[in-house]
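To keep things clear, I will list the structure first and then write my remarks on it.
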Amino acid sequence: MKIANETKIGVLAAVAIVALIMGFNFLKGSSLFEHTKKIYAVFDNVEGLDVSNAVQINGLQIGTVTAINESDKDLRSGIVVTITIKKDVHIPSNSIGVINSGLISSSSIIINKGDDSVYLQNGDTLKTKQKSNLFAQVQQSINPVILQLGGTLQSLDSVIQVIGSLFDPRLKNNLSAIIANMAASTASLEKMLNTQTGALAQSLKNMNEFTANLARNNDHITKTLENTEKATANLAAAKIPETVDALRSTVSQLGSTIEKMNSSNGSLGLLLNDKKLYQNLDATARSLNTLLDDLRLHPKRYVNISVFGKKDKTGPLMAPLPDSASKPANK
């Protein structure tokens, strides 16, 4: 069967038209062979957003922007953005979409997922939140920096004036002296911080030795503290007030006894204080010495036993012998 040229041209034209439509949709980010659904988002400002921009969740591109249309002529109700979802993902109904304006890359819509168990279906509207674009944020950040820079320039001008005044010869000499003192102080500090011979190193070494000794004698210290605790416990348990009262009573009685000894009342007081009694005792001792001397010199006068001798008829001694009165007799 012979096909006419007109038919061939018509079929070719139809194929070209279909290919053109498919290519145009592909360039817009849509595909005729994928299962897609459309949802809508309303923004007050879509600056930087364009058709075919990406729609992402957690960094994953799930769709593209396929249309941006006004809601009314006065744009009072916002601007409607049509989003074509190509991935089979669940988007909770309380999710929020924001426009992320990139400084270098193109803008995109970021969907912050919610936690609702109900998901958006084909034709539903996504909740949105207006986010300031990157250029506005940069401008807000730059304005305080510019103000601070102005203050810094004024301060720098003051510093330059002060530095200019330092070139005065008198101030220059003072500055040289200050720098010399700083150099000497730095040398002293370096010497003190020397890790081998510096005072700080020696102090740290002594501290380490001290702590090491404490660590080695930890058991002894513990035992000493335990003994101290036991001693304080025993001291607390001792009847110190009763002992002090008894000691006070004993001292009082001793004082009373000494007082009686110093007085003339009582035998002990008379014995210590009566001079006449001393004299009598002295006379008695003298008489006893006389008797003993007489007994020693004339024993026959007192013991009348004689075998060969005769009785001693000499008179008795009337006073002790001089040697017996001054020193004891020989044995």
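Within the range 42-52, at least one residue is without any contact (Cβ under 8 Å) to a residue 24 or more places away in the chain, more than 10 Å from ILE111 (Cβ to Cβ), aliphatic (A, V, I, L, M) and in contact with a helix residue (DSSP H, G or I) (Cβ under 8 Å, 6 or more places away or on another chain). Of the strands (runs of 3 or more DSSP E) lying entirely inside the range 52-104, those containing at least 1 residues that are within 19 Å of VAL118 (Cα to Cα) and more than 50 Å from the chain's Cα centre (by Cα) span 60-70, 79-85. Among the residues of the range 202-232, those identified as of a type in the set (Ser, Thr, Tyr) and either under 28 Å from the mean Cα position of the chain (by Cα) or closer than 30 Å to MET192 by Cβ (or both) are SER203, THR211, THR222.
Every number here is computed from the coordinates shown, using simple stated rules; none is lab data. The model shown is predicted, which means the values in this text are computed figures rather than measured ones. Note: ideal-geometry Cβ built from the backbone for every residue, glycine included; neighbour counts use all protein chains shown.
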